[in-house]
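Here is the structure we will look at.
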Amino acid sequence: RRLGADDVVVEYTQSRGRLHAFVIDRDGIEAYPDLCGLEEVRRASDLLRFQLGKGVLGEGHAARFGRFVHDALRHHLEILHGLLVAPFAGRIAGKRVRFVPHGLLHGMPFHALESDGVPLVEHCEISFAPSLAILGILERRESTPRGRPLVLGVPDDAAPAIEKEIAALRGILGRARVFRGERATLSALRLAERGPEVLHVACHGFFGGGGHDGAALRLGDAWISLDDVYAMRGTAEIVVLSGCQTGRGTVYSGDEWVGLVRGFLRAGARTVVASLWEVHDASAVELMADFYRGLSRGLDAAAALTRAQRAARRRDPLPLKWAPFMVIGEPTSRLRSGRIAA
């Protein structure tokens, strides 16, 4: 009943070593049993993540081996599209699609999966939810008037473009409270408990897997752990974590997906934008600027990120650069105020 005419939910599950999918729209549910084998997907996703990890090797490596990395990425993305999406691709084309992963599919960049050289993001607006239950809770979470946007940024020698990112957001959001460098502390982050309209954190992220020590954000005074995020008693309706691997998590028994994203959703966010791999510093500035321009012009989070990713792909088709970010949670969150960029 809550789905609009153009809304589709794709939920995956597994049994006896096989993956199954359910495609849900306002007219009903269609099952795709025995979609593919888990081991087929595991092999392809491991190879994909190996190539996605090449982003840490720097511009010199990219200049020398970028074409090989691009070709390898596209090969694995095509294989995964064939396994996970191809049987119902026609049903979701042109729709607003919410993917609900399961098991090893958590962290899968469905928006980047390709068919005939074209990624899924060119056909759909895509968002993600850890589970249907959480999606239902977020949709029912009351949306209330919010305060000024809150921006935290920690530029350094390894990520100097964060300075440009902060400047771009100042120009687009206008009235944001900005904390930079050493002032971007845990205390500044806790100002989000007062309920700003958006919280943007641009800093180094870390994901090591396994438990509450496996994910962290590097603010101006310390590494902020998942426990610190869980201790927050409120946050913005829209939270953007513009750092490396901020969208990754660990899957526990019962398909419980635990990471920074879950922490901010638990704290009160309806929508979190986070990354699945190492973020390319300069390209993130342009993508984030495009994303916020979309928000400030009235687009919701999923539509704004979709447009920003399409524009980034036109600038550079390498998925390492245009595809790290995803929208998790309620895709229809919007800004109620904000300056339109010139």
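The values are calculated or read from the model by the stated rules, or taken from the named source; none is laboratory data. Quantities reported herein were computed from a predicted structural model and do not represent experimental measurements. Cβ atoms come from the backbone with ideal geometry, glycine included; neighbour counts cover every protein chain shown. Note: accessible area is taken over every heavy atom of the protein model, side chains too, but ligands, DNA and RNA are not part of it. Shrake-Rupley method; radii C 1.70, N 1.55, O 1.52, S 1.80 Å.
Sort out which residues of the range 11-35 are β-branched (Val, Ile, Thr) and touching a Phe, Trp or Tyr at 6+ places or on another chain (Cβ under 9 Å), and write them in order of number.
Thr13, Val23, Ile29
Restricting to the range 266-309, name every residue that is in contact (Cβ under 8 Å) with a residue 24 or more places away in the chain, assigned to a helix (DSSP H, G or I) and more than 15 Å from the chain's Cα centre (by Cα).
Residues satisfying the conditions are Arg266, Ala267, Asp281, Ala282, Ser283, Val285, Glu286, Ala289, Arg293, Leu295, Ser296.
What are the pairs with Cβ atoms under 8 angstrom where one residue, in the range 15-34, is within 15 Å of Leu104 (Cβ to Cβ) and the other, located anywhere, is open to solvent by 80 Å² or more (accessible area, probe 1.4 Å) and of a type in the set (S, T, N, Q)? Sequence gap at least six, or different chains.
Pairs that qualify, where the first residue is within 15 Å of Leu104 (Cβ to Cβ) and the partner is open to solvent by 80 Å² or more (accessible area, probe 1.4 Å) and of a type in the set (S, T, N, Q): there are none.
Whether any residue in the range 260-272 is closer than 26 Å to Arg177 by Cβ, crowded, with 24+ Cβ neighbours inside 10 Å and at pLDDT below 90 is what I want to check.
Checked the range 260-272: no residue is closer than 26 Å to Arg177 by Cβ, crowded, with 24+ Cβ neighbours inside 10 Å and at pLDDT below 90.
Within the range 306-342, take every residue that is at pLDDT 90 or above and open to solvent by 60 Å² or more (accessible area, probe 1.4 Å) and give me the one that is farthest from Val8 (Cα to Cα).
Here the residue is Arg315.
Any residue in the range 221-240 that is outside any helix (DSSP H, G or I), of a type in the set (Ser, Thr, Tyr) and either closer than 21 Å to Tyr292 by Cα or in contact (Cβ under 8 Å) with a residue 60 or more places away in the chain (or both)?
Checked against the condition, which is being outside any helix (DSSP H, G or I), of a type in the set (Ser, Thr, Tyr) and either closer than 21 Å to Tyr292 by Cα or in contact (Cβ under 8 Å) with a residue 60 or more places away in the chain (or both), the range 221-240 yields at least one hit.
Please list, ordered by first then second residue, the pairs with beta carbon atoms under 6 Å, 6 or more apart or interchain, first in the range 67-82 and under 17 Å from Trp322 (Cα atoms), second open to solvent by less than 70 Å² (accessible area, probe 1.4 Å) and in a helix (DSSP H, G or I).
That search, which allows pairs on different chains as well, returns Val69/Gln51; Val69/Lys54; Ala72/Gln51; Leu73/Gln51; Leu73/Pro319; His76/Ala44; His76/Leu48; Leu77/Ala112.
What are the pairs, 6+ residues apart or on separate chains, where a residue within the range 88-112 that is on the phi > 0 side of the Ramachandran plot has its Cβ under 6 Å from a residue that is open to solvent by 10 Å² or more (accessible area, probe 1.4 Å) and not hydrophobic (A, V, I, L, M, F, W, C)?
Gly103/Gln14; Gly107/Arg248
Checking the conditions here, which among Glu114, Glu125, Glu139 is out of contact with any Phe, Trp or Tyr (no Cβ under 7 Å at 6 or more places or on another chain), of a type outside the set (Lys, Arg) and under 23 Å from Thr235 (Cβ atoms)? Outline the logic, then answer.
On the way: Glu114 fails: under 23 Å from Thr235 (Cβ atoms); Glu125 fails: under 23 Å from Thr235 (Cβ atoms).
From the options Glu114, Glu125, Glu139, the qualifying one is Glu139.
How many residues are touching a strand residue (DSSP E or B) at 6+ places or on another chain (Cβ under 9 Å), not in a helix (DSSP H, G or I) and not charged (D, E, K, R) when one looks only at the range 162-198?
8
For Phe88, indicate whether it is open to solvent by less than 30 Å² (accessible area, probe 1.4 Å), part of a helix (DSSP H, G or I), at pLDDT 95 or above and not polar (S, T, N, Q). Talk me through it step by step, then tell me what you get.
Working: open to solvent by less than 30 Å² (accessible area, probe 1.4 Å): yes; part of a helix (DSSP H, G or I): yes; at pLDDT 95 or above: yes; not polar (S, T, N, Q): yes.
Yes: the conditions hold for Phe88.
Hey, among Pro130, Pro101, which residue is more than 22 Å from Pro319 (Cβ to Cβ) and crowded, with 17+ Cβ neighbours inside 10 Å?
After ruling out the rest, the residue left standing is Pro130.
Please tell me if Glu59 is at pLDDT 80 or above, more than 20 Å from Ile24 (Cβ to Cβ), open to solvent by 20 Å² or more (accessible area, probe 1.4 Å) and assigned to a helix (DSSP H, G or I).
Here the answer is no, as Glu59 does not meet what is asked.
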